[in-house]
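The values are calculated or read from the model by the stated rules, or taken from the named source; none is laboratory data. Keep in mind that what you see is a predicted model, and the values were worked out from it rather than measured. Cβ placement follows ideal geometry from the backbone for every residue including glycine, while neighbour counts extend to all protein chains displayed. Accessible surface areas use protein heavy atoms only, side chains included; no ligands, DNA or RNA. Shrake-Rupley method; radii C 1.70, N 1.55, O 1.52, S 1.80 Å.
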Amino acid sequence: MPPEVYPVRQVTRYLRELIEQNRHLSGIWVAGEVRNLTQASSGHIYFTLGDEQARAGLRCAFFRQRNIGQRERIAEGVSVVVYGSLSVYEQRGELSFIVDFVQPEGTGAQAAEFERLRALFEADGLLAPERKRPLPLYPRRIGVVTSAAGAVLHDVLDVLGRRWPLAEVIVQPTQVQGEGAGALIAEALRALGERAPAERRPDVIILARGGGAAEDLQAFNEEPVGRAIFASPVPVVSAVGHETDVTLADLVADLRAPTPSAAAELVAPDRIEVAHRIDSISRRGEARLARLLREAHERTVRQSAALDAALPDLVEWRRAIDWHEAAAASALGDRIGIARERTAAIAGRLAALSPRATLERGYAIVERADGTLATSAAALQRGEAVALRLRDGLRAARIED
């Protein structure tokens, strides 16, 4: 069988995938000296990381989206430690180290990792002051993420119970140091926050740990913890280590407290102070209400007096109304009398002109069959039927002659 021939692009792609999938070559720190430093107009930085003793070199690419927040200046010949991952540039088949962060050599692995994550969090907006949320004034539920063992939980619960016993305290115990502690702390924060049902979600969360060596606090400098604090739907107060200790959890949290007990005091209002404040507000409200009532009464009295002064003399008005009413009644009576007399005269004249008056004197009215009146003898025919209207009724008649 002839040997299989591979295209170059397939080989370089295979090498890139092989290297990028190797966890030992991803997310690693490498120390060396900066050589062949160039900065492209696009903002990308390219250099070779050299090793003088082994006369080795590693091509590095520090792309703009990663170096834009770089605080330490990169210069030719400077010894540095860089964080990133190995990859293969397929077009040229070249091995490259994709840089995420650069620190001066001698900083120390923990300090360098702290600064790297700090720069990453700052670039992603986790440390922005404007995203810090205020604490609730009167929380109904308070979450606590800390170790179930030790004095920290006891101190926090004691302060919360003494200052604000109205709140329900929800404790989410977790490991706070050692292997895998960072992932467990992040999971505890998510369990209280984004994964908790809305009706059981606390209004604020305290993330606490007692003092210890710097190595003991490393779990609070891990990326999952910072991301979990940032993703929390409620404010988080961080109280980790001593007052002089500063962790990434402190920087991302909405508020940092010097000690766990201080965190409990910041979260929980003092019930005695609240009672005094309510009493003071009540007294001020009662005094203000009394003053408003007094002022309203005084205004009413003044307005009533002003109305009394502005109104006319009602007695005189009543007398004038009575006089005008009597005069109007008298004039109306006179007019009614005159109208009655005129009506009687007209009625008399109408009665005299009425045909009924003529009938009363013995006359009769001749009506033809079509209802018309016969006003002339010549208009009547012999044998024609007519009606005679007399004073007391009608009588049928016929014209004979």
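Take the range 226-243 and flag every residue that is in contact with a helix residue (DSSP H, G or I) (Cβ under 8 Å, 6 or more places away or on another chain), of a type outside the set (D, E, K, R) and closer than 17 Å to G125 by Cβ.
G226, A228, I229, F230, A231, S232, V236
Inside the range 208-232, can you point out the residues that are under 24 Å from the mean Cα position of the chain (by Cα) and surrounded by fewer than 16 Cβ atoms within 10 Å (Cβ to Cβ)?
A231
What strands (runs of 3 or more DSSP E), lying completely within the range 21-86, carry at least 3 residues that are open to solvent by 30 Å² or more (accessible area, probe 1.4 Å) and free of Cβ contacts under 8 Å to residues at least 60 places away in the same chain?
It comes to 28-39, 56-62.
For V169, only one of the following conditions fails: (1) touching a Leu at 6+ places or on another chain (Cβ under 9 Å); (2) more than 18 Å from V267 (Cβ to Cβ); (3) crowded, with 16+ Cβ neighbours inside 10 Å; (4) of a type outside the set (D, E). What is its number?
Condition not satisfied by V169: (2).
Can you tell me how many residues within the range 294-319 are at pLDDT 85 or above and open to solvent by less than 100 Å² (accessible area, probe 1.4 Å)?
8
Looking at this structure, is I205 assigned to a strand (DSSP E or B) and surrounded by 16 or more Cβ atoms within 10 Å (Cβ to Cβ)?
Yes: the conditions hold for I205.
Between residues in the range 349-362 that are part of a loop (DSSP other than H, G, I, E, B) and residues that are open to solvent by 60 Å² or more (accessible area, probe 1.4 Å), which pairs lie under 8 Å by C-beta distance while being six or more apart or on different chains?
G362/R391
Quick check on A339: is it surrounded by 10 or more Cβ atoms within 10 Å (Cβ to Cβ) and under 30 Å from R395 (Cβ atoms)?
no
Test each condition in (1) surrounded by 19 or more Cβ atoms within 10 Å (Cβ to Cβ); (2) modelled with pLDDT under 95 for S238 and report the one that comes out false.
For S238, the failing item is (2).
Within the range 248-265, restricting attention to residues that are part of a helix (DSSP H, G or I) and over 18 Å from G150 (Cα atoms), which residue is most open to solvent (accessible area, probe 1.4 Å)?
As a first pass, look at the range 248-265 and keep what is part of a helix (DSSP H, G or I): 248-252, 260-265.
Still in the list and also over 18 Å from G150 (Cα atoms): 248-252, 265.
On the way: L248: 1, A249: 1, D250: 10, L251: 46, V252: 0, E265: 88 Å².
Applying the filter and picking the extreme gives E265.
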